[in-house]
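The values are calculated or read from the model by the stated rules, or taken from the named source; none is laboratory data. Given the structure is predicted, the values throughout are model-derived calculations rather than measurements. Using ideal geometry, Cβ is built from the backbone for each residue, glycine included, and neighbour counts are taken over all protein chains shown.
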């Protein structure tokens, strides 16, 4: 059973109670029975059963394993990028953020209460992920333009120095410059 296959009673708990359960899961220092007891002590109205908690924990662990696999694949991809690693890593990061936002949005669908601030945060994160992808492309274009301009400046300076040196006839040099560089 996957994390999205079914909703347990824990999924339907109010956010504060679900966060308490998730904190115990992250701690990893309690058995399921101890967790049920602690939930009952803190939130008597929750009425969580062992089976429901077991299914919820299993789904959360599957989710964590899936995220670990994504991280491992991302690490391998970034490690194998080679030349131009900065821009490729930026593009990969944009894809990763987009995937994370999408995943969080899917998780939000399971929530019993609509949290407008969380939905707003998801929308903002999705917008920033798209902007990151556009920035990567724009930054590459800007860097390429700056490199071209720098190369032309350097060529112009060298050609002007060559013309001043008198090693080449200035009229011939002007014809070559005009033909080759349109300067």
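Values computed for the structure shown
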read-out	value
Residue 124 vs. criteria under 42 Å from the mean Cα position of the chain (by Cα), within 30 Å of residue 60 (Cβ to Cβ), at pLDDT 65 or above and loosely packed, with under 14 Cβ neighbours inside 10 Å	yes
Test: residue 167 is closer than 30 Å to residue 8 by Cα and modelled with pLDDT of 70 or more	no
